[in-house]
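The values are calculated or read from the model by the stated rules, or taken from the named source; none is laboratory data. Every value quoted in this text rests on a predicted model; they were computed, and no experiment measured them. Cβ: placed from backbone, ideal geometry, glycine included. Neighbour counts: every protein chain shown. For accessibility, only protein heavy atoms count, side chains too; no ligands or nucleic acids. Shrake-Rupley method; radii C 1.70, N 1.55, O 1.52, S 1.80 Å.
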Amino acid sequence: MDMKKKLILLLVFSLSQVSLNAQFGEESKEVQNLKDLAKVWGYVKYFHPEVQECNIDWDNALIDALMDLDGAPQEDVAIVLEELLDKAGPLDTTPGAIPELDDDPEINNLNLDWLDSEHFSETIKSKLNNIYTESRRRDHCNLEPVFTDGNLVFEEEPYDNLGQYPNIYYRLLAVFRYWNAIEYFFPYKHIMDQDWDATFDQFVLPIAYSENSVNYNFAFKEMTTYIDDSHSFFNSSTFYQKQGSHLVPFVINWIEGKTVVTDIDDSVNELEVGDIILSLNNIPIEEYRDSIYKYVAGSNEVTRQRNVNNWLRWGNAGFFEVTVEKADGSTQSITNLYRDYTEFLSLHTEDVGDSWEIIKREDCSYGYIHMGRLEAEEIPDMINDLWSYETIVFDIRNYPNGTLWSLIPYLYDHSITIAAFATPDYKYAGQFYWNDVTLGYNNNNNIYSGKIIILFNEHTQSQAEYTVMGLEQYPDAVKIGSQTSGADGNVSTMFLPGQITVYFTGLGIYYPDGTPTQRVGLVPDIEVRPTISGIRNGIDEVLEFALNCALDTMIMDPDTMVVDPDTMIMDPDTMTGTDLVFFEDLMKFYPNPFDNFLQIINTSNDIKEVNIFDVRGKLISTENVINSKMIDVSYLTSGIYIAQWNDKNQLMSQKLVKH
């Protein structure tokens, strides 16, 4: 494109933020044309030495290519791609060899089959393959690790001067930049529900042809949810203005499939803890949640529902109405509620209370530590108070303050290998490498010798999950609660045109033996969830389960026992050992772990069938177990599965592991 035409178009776009009916090649092939351009641009960005050294303004080269492609006939697409490749400059013969890549998808994101796509001319294929032939591990001007063996920093121009609604070319630059970063550097691309190419196809035109800044932001935010990552945060003033900046005077949680009030500001009278929200401003709450759901990210379902709750807290200042279901089954409309940021901020953010305490029961006592409150400088005093107790409960249903590193030397008389990191290679895009991480040291004589119980749920995310991984190696540790957020790894940040900031997990975290944590979350030994009845009765059922003195005396096999008392209310004053139900005699799975066959032994007349789910909650099979049976599970891939069944209206589940 000649300079005069380019300047005229850029001037028009700067004055009017509309698409001017842009079209990139033939309409029916527009998505493919843009995807080919995105792939070529991203590939050259990360593998061509001239671009790696920032000798070429590669963003500007893309803008030129998009302007040339806009309105061009289909036959000119190849010309635009060739000209873009030529702008990268000539390739010199490079000493050394192409790095050898492992086939393991956990450490290899590089799939270059598309280099020989039928969409490309022979000239384009030759140029692309030549770049690969000369690819070597090199420094990149836009990439560096946050710390040694850490996730990456993307140092790129944000184009904030273009405002919140940049022109179509820069909106496409935003898509291309983000899509390629995930393509090469997201450590969990291989476990996305939807193929990443398909996500590009789905969103490139809605983002490109968005009619205003709100549509642009919401289309982009929806795209970011498709990486299935609880760390997929999205920040922009446009988004927050639309969402609203004031808070409701209550806290809600997703319990038993309902939107339940779990805390209330003191100024509110008619609303009660345990009320079930039925509608908000006369919109059914299910409809409200559904309208939000597609815009919230999450590694798994429980976290997405948690994030829907977080969204529902926000809105515009002023009064609003809710309809709730009370404990007696009646409904009530409450119209005098209002949102306010300053007045209700502490309700949603502050966690007031002691960092630790001693909890006494009739037959036993516990040390209890709230890990979200405990500070590193408090640890010596905490140890002085609690280390003599036989059992200590570490409550990690919160976000810790980086205390794991200080605690490890008081729990182990040796260093521990806490995790294996899949670390992105900032010198060779698409490649990761394994890095075992060790914590602790052997120079402390005050090692705890009792038992520990670890509590967690969907609010246990990132550093909190990492903390669990450090504590659970302790001998006799028992994990109680429910599935965690499944996003355990440092977060990388990327700035995009439109004053948008996006985030994603930039470091793969696995157990030392290679067991995954992303999306799966951490699996409890005993699964206990809160119930609506428990909330209404003021009982923290997860904690009360842990504080049952009988738990210390019963023999528990964490590998074969999972409890889900969805309907059980536990009164700490009357609960005895008989309240703990063990299912080993009712339903057995043998062997576990298993290989190609699994025997299900059912000794209960009340259990009719067993459902088997993968760790993402997808139903794999339903087995009729009126009689015991052997099932062929050779088709299952190695990993963790969950068996669930109903016995007398109580949902029970058990972890299964395939070699």
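Among the candidates Y466, Y441, single out the residue that is under 25 Å from A546 (Cα atoms) and not β-branched (V, I, T).
Checking each option against the conditions leaves just Y466.
Restricting attention to the stretch 33-46, which residues are under 18 Å from I168 (Cβ atoms) and either of a type outside the set (A, V, I, L, M, F, W, C) or touching a strand residue (DSSP E or B) at 6+ places or on another chain (Cβ under 6 Å) (or both)?
If the condition is that a residue be under 18 Å from I168 (Cβ atoms) and either of a type outside the set (A, V, I, L, M, F, W, C) or touching a strand residue (DSSP E or B) at 6+ places or on another chain (Cβ under 6 Å) (or both), then N33, L34, K35, D36 are the ones that fit.
Scan (1) in contact (Cβ under 8 Å) with a residue 12 or more places away in the chain; (2) surrounded by fewer than 21 Cβ atoms within 10 Å (Cβ to Cβ); (3) not small (G, A, S) for the single condition T505 breaks and write down its number.
Condition (2) is where T505 drops out.
Go through (1) under 24 Å from E256 (Cβ atoms); (2) in a helix (DSSP H, G or I); (3) at pLDDT below 80 and name the single condition A550 misses.
(1)
Only one of F185, F200 is buried (at least 21 other Cβ atoms within 10 Å of the Cβ), at pLDDT 95 or above and in contact with a Pro (Cβ under 9 Å, 6 or more places away or on another chain). Can you tell me which?
Step by step, each of F185, F200 is checked, and only F185 is buried (at least 21 other Cβ atoms within 10 Å of the Cβ), at pLDDT 95 or above and in contact with a Pro (Cβ under 9 Å, 6 or more places away or on another chain).
Output the qualifying pairs, or none if there are none: Cβ atoms under 6 angstrom, residues six or more apart or on different chains, first residue in the stretch 192-204 and closer than 21 Å to Y169 by Cα and part of a helix (DSSP H, G or I), second residue among the hydroxyl-bearing types (S, T, Y) and modelled with pLDDT of 95 or more.
Matching pairs, first to second residue: T199/Y226.
Can you list residue pairs whose Cβ atoms sit under 7 Å apart, with the first residue in the stretch 275-301 being over 21 Å from F239 (Cα atoms) and touching a residue at least 60 places away in the same chain (Cβ under 8 Å) and the second being of a type in the set (K, R) and not in a helix (DSSP H, G or I)? Count only pairs 6 or more apart in sequence or on different chains.
Close Cβ pairs satisfying both conditions: I276/K258; S299/R519; N300/R519; N300/R616.
Being of a type in the set (D, E) and either surrounded by 12 or more Cβ atoms within 10 Å (Cβ to Cβ) or at pLDDT 85 or above (or both), is that true of even one residue in the stretch 603-611?
Among the residues of the stretch 603-611, at least one is of a type in the set (D, E) and either surrounded by 12 or more Cβ atoms within 10 Å (Cβ to Cβ) or at pLDDT 85 or above (or both), which makes the answer yes.
So for the stretch 1-10 (the condition being touching a Phe, Trp or Tyr at 6+ places or on another chain (Cβ under 6 Å), modelled with pLDDT under 95, open to solvent by 40 Å² or more (accessible area, probe 1.4 Å) and within 27 Å of A181 (Cα to Cα)), does at least one residue qualify?
For the stretch 1-10, residues touching a Phe, Trp or Tyr at 6+ places or on another chain (Cβ under 6 Å), modelled with pLDDT under 95, open to solvent by 40 Å² or more (accessible area, probe 1.4 Å) and within 27 Å of A181 (Cα to Cα): absent.
Return the residues of the stretch 41-69 that are aliphatic (A, V, I, L, M) and part of a helix (DSSP H, G or I); say none if nothing qualifies.
Selection gives V44, V51, A61, L62, I63, A65, L66, M67, L69.
Here is a list: E118, E83. Which entry is in a helix (DSSP H, G or I), open to solvent by 30 Å² or more (accessible area, probe 1.4 Å) and not aliphatic (A, V, I, L, M)?
So the residue among E118, E83 that is in a helix (DSSP H, G or I), open to solvent by 30 Å² or more (accessible area, probe 1.4 Å) and not aliphatic (A, V, I, L, M) is E83.
Could you tell me which of the residues A72, A97 is open to solvent by 30 Å² or more (accessible area, probe 1.4 Å), among the small types (G, A, S) and in a loop (DSSP other than H, G, I, E, B)?
Checking each option against the conditions leaves just A97.
Answer with yes or no whether Y169 is over 25 Å from the mean Cα position of the chain (by Cα), under 30 Å from V214 (Cα atoms), in contact (Cβ under 8 Å) with a residue 40 or more places away in the chain and in a helix (DSSP H, G or I).
yes
With the requirement that a residue be within 30 Å of F218 (Cβ to Cβ) and either at pLDDT below 95 or among the hydroxyl-bearing types (S, T, Y) (or both), what does the stretch 319-332 give you?
T323
Do you know which residues across the stretch 278-325 are touching a strand residue (DSSP E or B) at 6+ places or on another chain (Cβ under 6 Å) and basic (K, R)?
R313
So which of G402, G450, G470 ends up being more than 18 Å from N490 (Cβ to Cβ) and of a type outside the set (F, W, Y)?
Step by step, each of G402, G450, G470 is checked, and only G450 is more than 18 Å from N490 (Cβ to Cβ) and of a type outside the set (F, W, Y).
Against the definition (in contact with an Asp or Glu (Cβ under 8 Å, 6 or more places away or on another chain) and within 17 Å of W311 (Cα to Cα)), how does N253 come out, yes or no?
So N253 fails the test.
Is it true that S213 is more than 23 Å from the chain's Cα centre (by Cα), touching a residue at least 24 places away in the same chain (Cβ under 8 Å) and surrounded by 21 or more Cβ atoms within 10 Å (Cβ to Cβ)?
Here the answer is yes, as S213 does meet what is asked.
Does the stretch 91-110 include one or more residues that are more than 27 Å from G506 (Cβ to Cβ) and of a type in the set (S, T, N, Q)?
Yes, some residue in the stretch 91-110 is more than 27 Å from G506 (Cβ to Cβ) and of a type in the set (S, T, N, Q).
Yes/no per residue for (1) more than 20 Å from the chain's Cα centre (by Cα); (2) open to solvent by 20 Å² or more (accessible area, probe 1.4 Å):
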| position | (1), (2) |
| --- | --- |
| L404 | yes, no |
| I416 | yes, no |
| A419 | no, no |
| P424 | no, no |
| K427 | yes, yes |
| G430 | yes, no |
| D436 | yes, yes |
| D488 | no, no |
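What tally of residues in the stretch 247-283 results from selecting those that are more than 15 Å from A327 (Cβ to Cβ) and either outside any loop (DSSP other than H, G, I, E, B) or basic (K, R) (or both)?
Qualifying residue count, the stretch 247-283: 11.
Would you mention how many residues in the stretch 458-486 are open to solvent by 10 Å² or more (accessible area, probe 1.4 Å), in contact (Cβ under 8 Å) with a residue 60 or more places away in the chain and hydrophobic (A, V, I, L, M, F, W, C)?
Going through the stretch 458-486 one residue at a time, the tally reaches 1.
Working only within the stretch 223-237, note down all residues that are assigned to a helix (DSSP H, G or I) and surrounded by fewer than 23 Cβ atoms within 10 Å (Cβ to Cβ).
T224, T225, Y226, S237
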